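What follows is one structure encoded as structure tokens, with my remarks underneath.
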Amino acid sequence: MTDRIGYWITAAALLMAMAVAALWTTTLNHDVAWYLYMIDVARHGGRLYRDVIDTNPPLIIYLMWPAAWLASISPLSSTNTFRVYECAAALVSVVIAARWLPRIWPRATTAALGMIGLTVAFALFPFLRHDFGQREHFAVMLTLPYVLLAAMDRSAAPSSIWPRLLAGFAAGLGFSLKPHFIVAWAAIEGYLLVSARREQPWRRPELIAAIGTAGAYALFLLTSMSDYFVVAKQALVVYSSQRASLSILLGMPDIPIWVGAAALLLFLKLAPATRRPVFVLFTATTGFLLAGLLQRRGWSYHMYPARAFMAVYLVAFTLALFETVPSLLAALRGGLRNAALLLTGILVSLSVRYTTVERIPRKPDLVTPLIDIIKHESPKGPLASLSMRTVIYPAFPAINETGAEWSLRHNGMWFLPGLYEQELLMPQAETRYRAPKDMSPMEREWFDEIVSDLCAKPPALLLVEPPVIGAPEGRRTLDLVAYYRQDPRFDRLFSGYRPLTTLGTFTVYRGPASPSCATAPR
């Protein structure tokens with residue numbers, strides 16, 4: 001059974017179908033929803049990083065742009081069109097891997113190749129859970145063919161240059177999604193320079209294409225995206241104070257798994273025919289692991305690329321070990337057939353678990369009730385949210401799902417936790433905000449932007465996450481209403497709002513029929 005291609009195609013299709021079903025029955029990731037909104041603003045004449053502001057480089061926006069264009073000519077919504085677009089891209093990556101795996105392991109059986117291919121399908125689909133569509137997902141999809149080419153001997157690489165150039169073009173985009181991903185690229189190229197110097201790896205078409213793509217993107221940023229560098233410079237100041245401690249980073253489960261994998265690779269000498277692909281996969285894993293740690297945030301999805309490549313590496317290493325020490329496989333009852341069935345069972349079970357958990361609404365689920373409030377109270381909006389804890393959620397993806405208008409150029413109060421890092425450690429932190437005259441130029445700029453946006457497009461519904469008096473350290477926030485009421489314009493605007501309902505930790509305010517920041521006539 002496991003020696004038939006149809007078995008592995010069916011198993012991979014099952015894993016991917018479960019992930020797609022879960023994706024279609026849950027709300028979109030809030031970061032992805034915000035990128036789609038940015039594209040919508042830009043497509044209608046807005047200017048990125050001025051009329052709609054994000055702290056991340058624009059490449060992810062341009063990679064998602066085709067989905068927005070397809071949505072404009074299809075009956076599907078922008079969110080559903082993006083789901084189709086992303087699933088198609090992941091499927092292409094899986095198909096490429098399936099076609100190239102026999103080149104990497106020409107002597108491997110169908111069962112062995114199927115085990116690796118099924119792991120790739122698992123890593124690109126159900127393993128993601130709610131992070132489907134994040135930059136990390138794009139990075140793995142775009143760089144996987146490049147990594148597989150690096151794992152091939154020169155004689156095994158495709159004879160046509162075009163697949164290799166396309167793989168290099170995709171990898172140049174994938175490694176450019178975040179500056180930190182360059183570490184993974186450098187690690188792979190460093191390994192090839194040491195281990196395959198006779199092949200002159202610096203002359204590979206895919207490397208030349210990747211360098212050209214990354215260089216063209218860097219030139220585009222320098223010449224056409226000056227607004228981004230202004231925001232990035234500000235974000236570096238704010239985010240420098242919002243880093244996870246070293247103990248939190250080293251306490252992540254990825255570290256001991258990597259140490260164990262490294263120890264096995266160091267102390268077990270694999271057969272020469274299997275050594276290169278295993279080492280390339282491990283090098284890619286290590287590079288992406290370092291990239292995740294260098295971001296210093298401690299967020300789980302930053303580790304997704306390392307975890308995806310680690311999953312593929314562990315299966316490849318196990319198969320290489322079986323080939324190096326045949327007695328291990330002989331000692332296993334049923335041999336490779338039972339090993340393949342065991343792996344299939346594990347991946348299917350994990351996929352069921354991940355997709356089942358994903359279909360359970362987030363606790364508390366604020367998006368669904370917010371969508372109901374918007375549809376009942378003000379279907380077209382505008383909507384605004386003042387929050388320091390959840391920042392972007394649940395306004396996004398509720399805005400995307402309802403088509404309501406958003407009042408702000410920012411997605412939330414992402415800058416305030418950094419500006420008030422020390423004040424938020426003190427008791428009564430909610431009142432420890434600065435008066436406008438005492439604000440730094442950067443804080444005053446953001447303060448004025450929020451007030452100006454609210455006055456230019458007064459929200460019909462205003463979500464405010466109030467502070468919790470006496471909250472423990474780490475949960476303290478400013479009194480955002482009092483903070484912005486220091487500006488007479490916002491004070492006049494907010495005086496017309498009345499509480500409508502509560503939504504989790506939020507108070508939802510309903511605006512008057514004609515909200516305005518202007519002074520009432522005498």
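We did not get these values from a lab; they are worked out from the coordinates using the rules stated. From a predicted model like this one, the values you see are computed outputs, not experimental measurements. Because the Cβ atoms are built from the backbone with ideal geometry, glycine has one as well, and the counts that use them run over all protein chains shown.
Remarks
- Taking the chain and dividing mean pair separation by its residue count, relative contact order in percent (alpha carbons under 8 Å, at least six apart): 17 percent
- Phi angles of the range 344-351 translate, via the Karplus equation with coefficients 6.51, -1.76, 1.60 and θ = phi - 60°, into HN-Hα couplings of 4, x, 5, 5, 5, 5, 5, 5 Hz per residue; Gly and Pro are given as x.
- Unpaired by the 4.7 Å Cβ criterion, cysteines found in the chain: Cys87
- A cut-off of 5 Å between modelled amide H atoms, ignoring neighbours fewer than 5 places along the same chain, links His410 with Ile53.
- Remark: spin-label model distance Val92-Trp24 equals 2.1 nm, labels positioned 7 Å along the Cα→Cβ axis.
- Euclidean distance of C-alpha centroids, the range 164-205 and the range 145-161, integer Å: 12 Å
- Positive-end residue, the chain charge dipole about Cα centroid, Cβ charges, pick of Thr55, Tyr509, Val147: Val147
- Extending 7 Å from Cα along the Cβ direction at Arg475 and again at Ser349 yields two label points whose distance is 3.6 nm.
- Of all DSSP-defined beta bridges confined to the chain, some 60% are antiparallel rather than parallel.
- For the range 147-300, the relative contact order is 43 percent, taking Cα pairs closer than 8 Å that sit 6 or more residues apart in sequence and dividing their mean separation by the residue count.
- Magnitude of the charge dipole for the chain, about its Cα centre and with charges confined to Cβ atoms of Lys, Arg (+1) and Asp, Glu (-1), is about 1020 debye.
- Residues Val230, Val238, arranged from fewest to most other Cβ atoms within 10 angstrom of their Cβ, appear as Val230, Val238.
- Unit Cα scatterers, Debye sum, the range 326-465: log10 I(q)/I(0) for q = 0.17, 0.20, 0.22 Å⁻¹: -1.01, -1.18, -1.26
- Tilt relative to the chain, helix 161-176 - C-alpha long axis, 0 to 90 degrees, to 10: 40 degrees
- Karplus-derived 3J(HN,Hα), 6.51/-1.76/1.60, for each residue of the range 88-100, Hz, glycine and proline x: 4, 5, 5, 5, 4, 5, 5, 5, 4, 4, 4, 6, 9
- The residues Lys178, Lys233, when put in order of fewest to most other Cβ atoms within 10 Å, stand as Lys233, Lys178.
- Difference of contour (0.36 nm per residue) and Cα-Cα distance, Gln200 to Glu445: 83.0 nm
- For the chain, diffusion coefficient by Stokes-Einstein and Kirkwood Rh (Cα), 37 °C, 0.692 mPa s, µm²/s: 130 µm²/s
- Rounded to 0.05, the FRET efficiency of the Arg47 and Arg337 pair, given R0 = 45 Å and the Cβ-Cβ distance, is 0.15.
- Model label points for Ile9 and Arg107, set 7 angstrom from Cα along the Cα-to-Cβ axis, are 2.9 nm apart.
- Full extension of the segment from Lys375 to Met225, taken as 0.36 nm per residue of separation minus the current Cα-Cα distance, would add 50.3 nm.
- Highest mean packing comes first when the peptides 134-143, 245-254 are listed by Cβ atoms within 10 Å, giving 134-143, 245-254.
- Note, ³J(HN,Hα) from phi for the range 27-36, Karplus 6.51, -1.76, 1.60, rounded to Hz, x at Gly and Pro: 6, 5, 4, 5, 5, 4, 4, 5, 4, 5
- Loop-resident sites, the range 358-434, for chymotrypsin sites (Phe, Trp or Tyr not before Pro), counting at most 14 other Cβ within 10 Å (DSSP): none
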